[in-house]
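Data first, discussion second: the structure below is written as structure tokens.
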Amino acid sequence: MTDPRRQLPSIDALLAGPGVARLLAEHPRGLVVKAARETVDAARVNGGVTPSEGWDAAVEAAVARLAVPSLAPVINATGVVLHTNLGRAPLCGAAIAALTSVARGYAALEYDLGRGTRGSRDAHCRDLLVELTGAADALVVNNAAGAVLLALSALARDGEAVVSRGELVEIGGSFRIPDIMARSGARVVEVGTTNRTHPNDYDRALTPNSKLLLKVHRSNFQVTGFTADVAVVELAEMAHARGLSCLYDLGSGLLVDLSQWGLTGEPTVPEAVATRADLVAFSGDKLLGGPQAGILVGSEQAIAACRADPIARTVRADKLTLAALEATLALYREPERARREIPVLRMLTEDLTTIKTRAQALGGQLIEGDSEVGGGSFPGAKLKTWLAGFPDERLAEKLRGNDPPIIARVAGSRVLLDARTIFPEQVDTVVAALRG
């Protein structure tokens, strides 16, 4: 018996057909060729069976699928405000307008308009960060891990960086603090134990080759019970008394106090700067509510060392990041306006009554529940919320196939939509998807 796979059409034969030829007139040739190959390969895997809809229709469907960008906007109905898999902080309107304006053409990224000479991209955001944090100087790079890598390279390369064992954390994507430290050229020296570290642990570990004391804020987990650690202010004093530097990896980048909304235990950046650590490192796309960025604030000497380090070039921020970050930071000059206009802050502090109204509009069973901050911020914190519950777990797949996709929470056999992270303007879209 002849193998049906031998009867499959060639790619050239498919391209010559009238249906696919029409696609070639409407789409790039490379895209159509790839769709034709995938269609034939799928039929080969299926034993040589011709697509039920016909070759032309199958290739057209493949073209439509391949033409869709892989990075697509989604609606976050999970209730995790800083959802790393969904891009963390959504940008505020001012940031979107700023990066759109800069993206349209050329921009004065490294050009001094006043003097008409070459300038520095480091000037963008610097003054705002100094104003908002109280630091003497500031530097923006592409992400927080890059900021820590740069700081360690600038201040501790070829020397020892001392850190508590209880702070050798793993952050998202299996990146570990000791691995980043090792790549910087500094030698990691661990002190204390997992749950208890004392000042004399650092003292005993110091050698003539010691260059830096590192403090890592445990932003994505909690240690409770029989515990002890050394406060940053004490660690900074110890470092300076011995001629060493102190680096504080703060993490989430909270600029305003959120304790009145029940969110406590996360130090603000101004509080971190007040400890007199030489450098404080934090993210731009977590609690700050801006684009992905790594931010270093601290002393003029420490920031100058970072600017001069060769790694600074490899982790520098681009014009779109700087434009969006500058616009976000500018809102913090009026904290109440920042709380209203920066989506992350608005979602974290939103009134429960408003959230309940949105949940009711979604239909389904109205359920009291909890949202999460996410993004390695405020570990263990729960935010009261309202959910719309649906008993069909297959609904989650249907919602993911919507345009735009809607990402829900699944608990057992129920699909839960958390209204906290569904924007008011997205409610009608979600309702239509549920009814469709």
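Can you name the residue in the range 30-74 that is within 30 Å of Pro90 (Cβ to Cβ) and in contact with a helix residue (DSSP H, G or I) (Cβ under 7 Å, 6 or more places away or on another chain) and is also surrounded by the most Cβ atoms within 10 Å (Cβ to Cβ) among such residues?
Start the filter on the range 30-74 by keeping residues that are within 30 Å of Pro90 (Cβ to Cβ), which leaves 64-74.
Within this subset, residues satisfying the condition of being in contact with a helix residue (DSSP H, G or I) (Cβ under 7 Å, 6 or more places away or on another chain) are 66-67, 74.
Working: Leu66: 14, Ala67: 12, Val74: 16.
So the residue we want is Val74.
Please give the number of the condition Gly380 fails out of (1) among the small types (Gly, Ala, Ser); (2) touching a Cys at 6+ places or on another chain (Cβ under 9 Å); (3) part of a loop (DSSP other than H, G, I, E, B).
It is condition (2) that Gly380 fails.
Being aliphatic (A, V, I, L, M), in a helix (DSSP H, G or I) and in contact (Cβ under 8 Å) with a residue 40 or more places away in the chain narrows it down to one of Ala396, Ala359, so name that one. Explain how you work it out, then say what you get.
Numbers: Ala396 fails: in contact (Cβ under 8 Å) with a residue 40 or more places away in the chain.
Matching residue, one of Ala396, Ala359: Ala359.
Which one is nearest to His83 (Cα to Cα) among residues in the range 330-371 that are out of contact with any Phe, Trp or Tyr (no Cβ under 7 Å at 6 or more places or on another chain) and among the hydroxyl-bearing types (Ser, Thr, Tyr)?
Out of the qualifying residues, it is Ser371.
Residues Ala304, Ala327: which one is under 19 Å from Ser153 (Cβ atoms) and either in a loop (DSSP other than H, G, I, E, B) or not assigned by TED's automatic domain parsing to the domain that holds Val373 (or both)? First the steps, then the outcome.
Details: Ala327 fails: under 19 Å from Ser153 (Cβ atoms).
Answer to the check: Ala304.
Test each condition in (1) in contact with a Lys or Arg (Cβ under 8 Å, 6 or more places away or on another chain); (2) farther than 30 Å from Lys34 by Cβ for Thr84 and report the one that comes out false.
(1)
Can you find even one residue in the range 419-426 that is assigned to a strand (DSSP E or B) and free of Cβ contacts under 8 Å to residues at least 24 places away in the same chain?
no
Count, please, the residues in the range 37-67 that happen to be over 23 Å from Thr2 (Cβ atoms) and not charged (D, E, K, R).
The number of residues fulfilling the criteria is 8.
Do we have Ser120 as hydroxyl-bearing (Ser, Thr, Tyr), under 33 Å from the mean Cα position of the chain (by Cα) and at pLDDT 95 or above here?
On the way: hydroxyl-bearing (Ser, Thr, Tyr): yes; under 33 Å from the mean Cα position of the chain (by Cα): yes; at pLDDT 95 or above: no.
So Ser120 fails the test.
Between residues in the range 233-247 that are in contact (Cβ under 8 Å) with a residue 40 or more places away in the chain and part of a helix (DSSP H, G or I) and residues that are hydrophobic (A, V, I, L, M, F, W, C) and surrounded by 23 or more Cβ atoms within 10 Å (Cβ to Cβ), which pairs lie under 7 Å by C-beta distance while being six or more apart or on different chains?
Leu235/Leu213; Leu235/Cys246; Ala236/Cys246; Ala236/Ala277
Could you list all residues from the range 386-401 that are within 20 Å of Gln360 (Cβ to Cβ) and either surrounded by 12 or more Cβ atoms within 10 Å (Cβ to Cβ) or among the small types (Gly, Ala, Ser) (or both)?
Narrowing the range 386-401 to residues within 20 Å of Gln360 (Cβ to Cβ): 386-392, 395, 399.
Trp386, Leu387, Ala388, Gly389, Phe390, Leu395, Leu399 - these are the residues of the range 386-401 that are within 20 Å of Gln360 (Cβ to Cβ) and either surrounded by 12 or more Cβ atoms within 10 Å (Cβ to Cβ) or among the small types (Gly, Ala, Ser) (or both).
From Leu322, Leu366, Leu352, grab the single residue that is in the same structural domain as Asn142 (by TED's automatic domain parsing) and either within 30 Å of Gly105 (Cβ to Cβ) or without any contact (Cβ under 8 Å) to a residue 60 or more places away in the chain (or both).
Leu322
Rundown of residues vs (1) on the phi < 0 side of the Ramachandran plot; (2) aromatic (Phe, Trp, Tyr); (3) assigned by TED's automatic domain parsing to the domain that holds Ala324; (4) touching a Leu at 6+ places or on another chain (Cβ under 9 Å), yes/no style:
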residue	(1), (2), (3), (4)
Ala57	yes, no, no, no
Glu60	yes, no, no, yes
Gly79	no, no, no, yes
Asp112	yes, no, yes, no
Arg115	yes, no, yes, no
Ala123	yes, no, yes, no
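For (1) loosely packed, with under 15 Cβ neighbours inside 10 Å; (2) at pLDDT below 95, each residue gets a yes or a no:
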{"site": "Arg340", "(1), (2)": "yes, no"}
{"site": "Thr349", "(1), (2)": "no, no"}
{"site": "Glu368", "(1), (2)": "yes, no"}
{"site": "Gly374", "(1), (2)": "no, yes"}
{"site": "Ser377", "(1), (2)": "no, yes"}
{"site": "Lys384", "(1), (2)": "yes, no"}
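The values are calculated or read from the model by the stated rules, or taken from the named source; none is laboratory data. The model shown is predicted, which means the values in this text are computed figures rather than measured ones. Every residue, glycine as well, gets a Cβ built from its backbone with ideal geometry; the counts of neighbours run over all protein chains shown.
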